[in-house]
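Here is the structure we will look at, set down as structure tokens.
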Amino acid sequence: MPTARPVRVRRFAAALLDGVLALLLALTPAAVVPGVLKGRMFGVGLLLGAAYLLLRDGIPYAEWGSRSLGKRWLGIRPYRMSGEPMTWAVSARRNATVAGAVGLGAVLYLVGGYRGIPFGEFLLYIGAAVLAAESLLVAVDPVGRRAGDRLAQTRVIEARH
């Protein structure tokens, strides 16, 4: 296993960049559909954003090196503790918490907006709490691993290329 310094600041910045990409995916369907369906289309867009967040580290495009665009731009990558290459399944396992939090918001928008559902705001707060907890784990863990990293047996390290 390579020696890995914690790369917390770059990891947070990469997560922010990936979040912006997911938000752009979320806003695109709502921008092209006028009127009443705008909220539901935002839900469709949130599902697209959640899908990107879920699979972002398993994208097999050679230039990206099986990592998200944010990680590529900031020179870090996820590393499987077993030394095997990243796959879609491992990406889904390591990003299920983050994508699930966004996906929860997507489902709420698809069924009529979070305000029209009993406990809708509460569910959004749960999603936000999951994202906050994952961020906190990166900040306090000795090697910067979050719950998703533990589930998938990965860590984020500096990229060699």
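The values are calculated or read from the model by the stated rules, or taken from the named source; none is laboratory data. A quick note: this is a predicted structure, and the numbers were derived from the prediction, not measured. No Cβ is skipped: glycine too gets one built from the backbone with ideal geometry, and neighbour counts run over all protein chains shown. These accessible areas exclude ligands, DNA and RNA; they are computed on the full protein's heavy atoms, side chains included. Shrake-Rupley method; radii C 1.70, N 1.55, O 1.52, S 1.80 Å.
Data overview
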quantity: Most fluctuating residue given options GLY83, GLY43, GLY120, as computed from a GNM of the chain linking Cα atoms under 10 Å; calculated: GLY83
quantity: Computed FRET value (nearest 0.05) for PHE119 with TRP73, which takes r as the C-beta separation and R₀ as 45 Å; calculated: 0.75
quantity: Helix 38-55 vs. the chain, principal-axis angle (Cα, 0 to 90°, nearest 10); calculated: 10
quantity: Portion, in percent, of the accessible area of the range 78-130 that falls on carbon or sulfur, probe 1.4 Å; calculated: 70
quantity: Accessible-area ranking of LYS38, LYS71, largest first, probe 1.4 Å; calculated: LYS38, LYS71
quantity: Estimated inter-spin distance, VAL107 and ALA139, nm [label 7 Å along Cα→Cβ]; calculated: 2.8
quantity: Label-reachable residues, the range 79-118, where backbone N falls under 16 Å from a point 7 Å from LEU55's Cα toward its Cβ; calculated: 86-96, 99-100, 103
quantity: Between 0 and 90°, nearest 10: helix 120-140 axis offset from the chain longest Cα axis; calculated: 10
quantity: Hypothetical label at PHE12: residues of the range 71-98 whose amide nitrogen lies under 20 Å (7 Å Cα-Cβ projection); calculated: 71-78, 98
quantity: Average accessible area per residue (Å²) across the range 39-161 - probe 1.4 Å, nucleic acids and ligands excluded; calculated: 50
